[in-house]
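Peer 1: Mind looking over this structure? Questions follow.
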Amino acid sequence: MRKPLIAGNWKMNLLRDSSVALIHQLLDKSKASDKVEVAVCPPSVYLHDVGAALRGSHIALGAQNMYHTDEGAYTGEVSGKMLKDIGCRYVILGHSERRQLMGETDTQVNQKVHAALKVGLVPIVCVGETLDQREAGQTTTVVRTQCEGSLAGLTSEQAAGIVLAYEPVWAIGTGKTASPAQAEEVHADIRALLTKMFGADTAQKVRIQYGGSVKADNAKELLSQPNIDGALVGGASLKADSFLPIIDAAG
Ligand code: PGA
């Protein structure tokens, strides 16, 4: 059975004190469970402080991006090796905001996925269509192309350990969520593609999160779909009161 992963993507929000305070609230009001895994992904400058606050707890640390080489003359970049060194377990790769605002391509995401796996990080690889693409009937093609490009060259063993996040761009930060049926349809199609790429055994192991305006009141129904294995949560992960019920919904 796949253990759902609820990950908070803080994006470029919170400052050091509010980040650490949020971790204390989450640790006060939640406990380790074998039914759900939890992670938070703060901005890179706060990974150290947040990591210190959650050390030894049931909440894992994740980063929001990384560069694809270990070290060198890449001003402003952070490597996977550094993220691993500071205690990260996860790294979000190819988030739609990075694809849209920073022009990240599937090829770049693919390089990062390989680099993350090489240093022992678990990539959370994001895919998803825009509203225009959905309305033009291109959802399946767009999502399949992103998956194929981002996961190219992985062995089945490597693929089994990654996390995918299906995040329809039109649902991110908009308050519009894909209906559970709409989400499940895409998740099932991603799993079918994974079966073709890596075999059925591997495809059954890959966790596929849903993301896009996940909230306390829609989490349960989304998470009860057979191919939805957790959530990547933006806005609602910034407060304990809105993040904790989503964790509860998965457990
Ligand atoms: P949202 O963001 O929950 O605020 O829609 C999700 C994401 O971008 O990962």
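The values are calculated or read from the model by the stated rules, or taken from the named source; none is laboratory data. Computed from a predicted structure; not experimentally measured. As a convention, Cβ positions derive from the backbone with ideal geometry for all residues, glycine included, and neighbour counts pool all protein chains shown. Heavy atoms of the whole protein, side chains included, go into the accessibility calculation; ligands, DNA and RNA do not. Shrake-Rupley method; radii C 1.70, N 1.55, O 1.52, S 1.80 Å.
Peer 1: What are the residues in region 123-171 that are closer than 19 Å to Asp229 by Cα and aromatic (Phe, Trp, Tyr), if any?
Peer 2: Listed by number, the list holds a single entry, Tyr166.
Peer 1: Considering only residues that are aliphatic (A, V, I, L, M) and within 16 Å of the ligand (Cβ to nearest atom), look in region 196-216 and name the one that is most open to solvent (accessible area, probe 1.4 Å).
Peer 2: Checked region 196-216; the qualifying residue most open to solvent (accessible area, probe 1.4 Å) is Ala216.
Peer 1: Follow-up. Quick check, is Asp248 away from the ligand (no atom under 15 Å from the Cβ), in contact with a Lys or Arg (Cβ under 8 Å, 6 or more places away or on another chain), over 25 Å from Val119 (Cβ atoms) and at pLDDT 95 or above?
Peer 2: When the stated conditions are applied, Asp248 does not pass them.
Peer 1: Going through region 217-238 one residue at a time, which ones are within 12 Å of the ligand (Cβ to nearest atom) and either at pLDDT below 95 or not small (Gly, Ala, Ser) (or both)?
Peer 2: Asn218, Leu222, Leu232, Val233, Leu238
Peer 1: Now for a separate question. Just to be sure before I move on: is Glu157 surrounded by 14 or more Cβ atoms within 10 Å (Cβ to Cβ) and either more than 16 Å from the ligand (Cβ to nearest atom) or under 26 Å from Gly87 (Cβ atoms) (or both) in the structure I sent? Can you show your working first?
Peer 2: Working: surrounded by 14 or more Cβ atoms within 10 Å (Cβ to Cβ): no; either more than 16 Å from the ligand (Cβ to nearest atom) or under 26 Å from Gly87 (Cβ atoms) (or both): yes.
Answer is no for this residue.
Peer 1: Now a separate question. Would you check if Gly175 is open to solvent by 30 Å² or more (accessible area, probe 1.4 Å), farther than 16 Å from Glu129 by Cα, within 14 Å of the ligand (Cβ to nearest atom) and out of contact with any strand residue (DSSP E or B) (no Cβ under 8 Å at 6 or more places or on another chain)?
Peer 2: In short, yes.
Peer 1: Given the structure, is Arg55 in contact with an Asp or Glu (Cβ under 9 Å, 6 or more places away or on another chain) and farther than 16 Å from Ala236 by Cα? Lay out the reasoning, then the answer.
Peer 2: Working: in contact with an Asp or Glu (Cβ under 9 Å, 6 or more places away or on another chain): no; farther than 16 Å from Ala236 by Cα: yes.
Here the answer is no, as Arg55 does not meet what is asked.
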